[in-house]
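Below is one structure, written out as structure tokens; the observations come after it.
The values are calculated or read from the model by the stated rules, or taken from the named source; none is laboratory data. Please read all numbers here as calculations on a predicted model, not as lab measurements. Note that each Cβ is placed from the backbone with ideal geometry, even for glycine, and that neighbours are counted across all protein chains shown.
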Amino acid sequence: MDSERVLYEDNHLIIVNKLCSEIVQGDKTGDTTLAESVQAFIKKRDKKPGNVFLGITHRLDRPTSGIVIFAKTSKALSRMNKLFREHGVKKSYWAVLQSSPEEGEARLVDYLWRDKIKNRSYVCDESKKDAKKAILSYTIICRYKNYVLADIDLETGRHHQIRAQFSSLGCSIKGDLKYGAKQSNPGGGIHLHARRVSFIHPVSAESINVTAAVPRDDILWQDMEEKVLRGDSQTGE
């Protein structure tokens, strides 16, 4: 991992921009995790002789890119865990959709059921056993070629929530074969990016607001971000 991917750091926290190919925490693949890469980065940079403490405060799906918050102290880890439990961390995502929802902005309230065998979530009826309420708000902020870019604020954090809710609208995320995309992306990632995060620092009580640039090796992401920043994001080309 290189220093350019560090979005924020102090004595208690380090926030990094995850690549879509990385896993945050170990799984059956045995692949090197983002947490291990961050530990190695800190150890080498700071010339630490012993083990580097790094606590995982939340996760992103492997094919998703963007912001991940790690704790560098046990105090910060326990307090960040409490912040997440109490919905004190506001998370916003960008998603490139294959087609546009009927409404340019809306609040989606659904119930999701998780099939653990297939590792997939489905929009279902409220009465289904183990169904959990899932809420998000979105605004379409860019139209480019055959795609639209949605800016999404999560109110709940359910398994594959964004992917499942937009799939149920018939607006799958680009590259997300599991949820109805027409074809995969090179490398197997999907066009879902954890764009912004804001919270009150659990130790210093400062207001933390972080934005992650989109993947720099993806032309579509780069073009869309540039259009949004230029302010001409509603044109088709």
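Computed values, structure above
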read-out: The stretch 89-109, subset of a type in the set (Gly, Ala, Ser) and either surrounded by 17 or more Cβ atoms within 10 Å (Cβ to Cβ) or touching a strand residue (DSSP E or B) at 6+ places or on another chain (Cβ under 6 Å) (or both), residue nearest to residue 20 (Cα to Cα); value: 95
read-out: Residue that is surrounded by the most Cβ atoms within 10 Å (Cβ to Cβ), among those in the stretch 194-224 that are of a type outside the set (Val, Ile, Thr), free of Cβ contacts under 8 Å to residues at least 40 places away in the same chain and not in a strand (DSSP E or B); value: 218
read-out: Entirely in the stretch 110-162, the strands (runs of 3 or more DSSP E) that have 3 or more residues that are modelled with pLDDT under 95 and surrounded by fewer than 17 Cβ atoms within 10 Å (Cβ to Cβ); value: none
read-out: Search result, residues across the stretch 24-34 that are buried (at least 19 other Cβ atoms within 10 Å of the Cβ) and without any contact (Cβ under 8 Å) to a residue 40 or more places away in the chain; value: 34
read-out: Counted residues, the stretch 25-75 - those being within 21 Å of the chain's Cα centre (by Cα) and not in a loop (DSSP other than H, G, I, E, B); value: 16
